[in-house]
Amino acid sequence: MAVAGTPVFAHKGETLEEYWDFTFAALTHPGNKGPQLIVDDGGDATLLIHKGYELENGDNWVNTPSDNHEVASSRHCSSAVAKERPGFWHSVVKDWKGVSEETTTGVHRLYR
């Protein structure tokens with residue numbers, strides 16, 4: 001796609017920390033807005049929104065121990081966003097319509 005001139009958001013060989021930072025960047029739109037709809041086959045973008053929202057509501061999950069590097073990386077990203085952009089996830093959720101997921105039958109479903 002990139003060779004054909006189509007803009008893509010990709011980076012080969014990124015670290016887990018970079019992956020979560022890129023995921024957050026993909027969810028950040030002009031004016032510090034978030035997406036209204038996500039097509040998210042793996043759930044990482046959806047997870048980041050949900051966990052960020054919980055964090056802003058006082059959930060302390062980012063400070064709980066983890067022996068999983070990916071979970072620790074996602075927590076670090078969520079914690080950094082909470083410090084740098086207080087209230088960001090609440091503003092995202094306010095405008096968020098949900099997640100569209102393509103099923104094995106090709107039907108798109110909207111989850112909210």
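The values are calculated or read from the model by the stated rules, or taken from the named source; none is laboratory data. Every value quoted in this text rests on a predicted model; they were computed, and no experiment measured them. Cβ atoms come from the backbone with ideal geometry, glycine included; neighbour counts cover every protein chain shown. To get the accessible areas, we keep the full protein, side chains included, count just its heavy atoms, and leave off ligands, DNA and RNA. Shrake-Rupley method; radii C 1.70, N 1.55, O 1.52, S 1.80 Å.
Working carefully through the options 62, 39, find the one that is closer than 25 Å to residue 8 by Cβ, out of contact with any Cys (no Cβ under 7 Å at 6 or more places or on another chain) and of a type outside the set (Lys, Arg). Criteria check complete, one pass: 39.
Looking at segment 63-70, is at least one residue surrounded by 15 or more Cβ atoms within 10 Å (Cβ to Cβ) and at pLDDT 90 or above? Checked segment 63-70: no residue is surrounded by 15 or more Cβ atoms within 10 Å (Cβ to Cβ) and at pLDDT 90 or above.
Checking each residue in segment 85-97 for being in a helix (DSSP H, G or I) and either at positive phi or touching a Gly at 6+ places or on another chain (Cβ under 6 Å) (or both) picks out 89, 92.
Here is a check on your reading of the model: is residue 81 under 16 Å from the mean Cα position of the chain (by Cα), open to solvent by less than 30 Å² (accessible area, probe 1.4 Å), of a type outside the set (S, T, N, Q) and modelled with pLDDT of 90 or more? Spelling it out, residue 81 is indeed under 16 Å from the mean Cα position of the chain (by Cα), open to solvent by less than 30 Å² (accessible area, probe 1.4 Å), of a type outside the set (S, T, N, Q) and modelled with pLDDT of 90 or more. Just for segment 38-62: of the residues that are of a type in the set (A, V, I, L, M) and over 12 Å from the mean Cα position of the chain (by Cα), which one is modelled with the lowest pLDDT? Result: 62.
Quick grid of which residues meet (1) surrounded by 12 or more Cβ atoms within 10 Å (Cβ to Cβ); (2) over 22 Å from residue 94 (Cα atoms):
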{"position": "18", "(1), (2)": "yes, yes"}
{"position": "30", "(1), (2)": "no, no"}
{"position": "49", "(1), (2)": "yes, no"}
{"position": "58", "(1), (2)": "no, no"}
